[in-house]
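Some notes on the structure that comes next.
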Amino acid sequence: MALNHTVKLIELSDVKIAQLLTDDGSATTYGAVKDLPGAIKIQVSPKADSKQLKGDSLILDVYTKITEVELDVECAMFNLDTLPILMGGTVSDSGTTPNQITKYSLTGANATPPFFKIEGQWTYVNIGVGDAHIVLYKCKITDAPSFEISDAS
């Protein structure tokens with residue numbers, strides 16, 4: 001039986017990222033996988049560059065090429081360990097219980113966003129299909145993540 005290419009995407013249950021360490025053509029390696037907890041959505045929007053070839057008062061051809069993919073991920077929780085993967089910087093812990101401190105530091109020396117991989121998994125899909133995954137192997141942010149800090153009540 002052929003695999004069904006129409007997939008219902010319900011219950012996004014797992015989104016993870018990992019920093020791209022090497023990509024030399026023969027092998028691609030990634031760092032430790034970090035969870036993006038409380039995943040709500042993954043939106044993928046390809047962007048295209050189009051050109052028209054005109055002549056004899058007609059459009060003779062249209063050339064279109066995908067030039068980038070815009071990715072929007074929304075989560076209900078936040079994992080500080082993902083910030084260095086997304087934006088650069090470092091996360092450090094200090095102190096002892098009950099005065100422990102976790103600090104994210106972004107300085108001019110370490111503020112270069114690295115490339116990373118992101119993978120999302122949907123666990124409720126069609127009958128006969130176990131789960132569905134989306135994997136983007138080489139991403140880099142061009143706009144810093146935004147955070148909303150508010151009273152949930």
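The values are calculated or read from the model by the stated rules, or taken from the named source; none is laboratory data. Just so it is clear, the model here is predicted, and its values are computed rather than measured. Every residue, glycine among them, receives a Cβ derived from its backbone with ideal geometry; neighbour counts consider all protein chains shown. Quick note on the areas: whole protein, heavy atoms, side chains included, nothing else; ligands and nucleic acids left out. Shrake-Rupley method; radii C 1.70, N 1.55, O 1.52, S 1.80 Å.
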Within the range 51-109, can you find the residues that are in contact (Cβ under 8 Å) with a residue 24 or more places away in the chain, in contact with a helix residue (DSSP H, G or I) (Cβ under 7 Å, 6 or more places away or on another chain) and small (Gly, Ala, Ser)? 88
Looking only at the range 110-139, which residues are in a loop (DSSP other than H, G, I, E, B), touching a residue at least 40 places away in the same chain (Cβ under 8 Å) and in contact with a strand residue (DSSP E or B) (Cβ under 9 Å, 6 or more places away or on another chain)? 114, 115, 125, 126
Being open to solvent by less than 80 Å² (accessible area, probe 1.4 Å) and more than 23 Å from residue 21 (Cβ to Cβ) is true for just one of 102, 96. Which residue is that? 102
In the set 46, 84, 37, the lone residue that is in a helix (DSSP H, G or I) and in contact with a strand residue (DSSP E or B) (Cβ under 9 Å, 6 or more places away or on another chain) is 84
Which residue, of 142, 107, 102, is touching a strand residue (DSSP E or B) at 6+ places or on another chain (Cβ under 6 Å), over 23 Å from residue 10 (Cα atoms) and of a type outside the set (D, E, K, R)? 102
Number of the condition not met by residue 68 [criteria: (1) more than 17 Å from residue 141 (Cβ to Cβ); (2) out of contact with any Phe, Trp or Tyr (no Cβ under 9 Å at 6 or more places or on another chain); (3) at pLDDT 90 or above]: (1)
Testing residue 149 on (1) exposed (fewer than 10 other Cβ atoms within 10 Å of the Cβ); (2) within 17 Å of residue 37 (Cβ to Cβ); (3) within 17 Å of the chain's Cα centre (by Cα), one condition comes back false. Which one is that? (3)
Going by what's in this entry, would residue 64 be described as farther than 30 Å from residue 103 by Cβ, exposed (fewer than 13 other Cβ atoms within 10 Å of the Cβ) and among the β-branched types (Val, Ile, Thr)? yes
Looking only at the range 15-29, how many residues end up being open to solvent by 30 Å² or more (accessible area, probe 1.4 Å), touching a Phe, Trp or Tyr at 6+ places or on another chain (Cβ under 8 Å) and either farther than 22 Å from residue 77 by Cβ or modelled with pLDDT under 95 (or both)? 3
Any chance you could count how many residues in the range 42-61 are open to solvent by less than 80 Å² (accessible area, probe 1.4 Å) and either of a type in the set (Val, Ile, Thr) or closer than 16 Å to residue 18 by Cβ (or both)? 2
Quick check on this structure: which one of 36, 60 is at pLDDT 90 or above, under 30 Å from residue 150 (Cα atoms) and either in contact with a Phe, Trp or Tyr (Cβ under 9 Å, 6 or more places away or on another chain) or not β-branched (Val, Ile, Thr) (or both)? 36
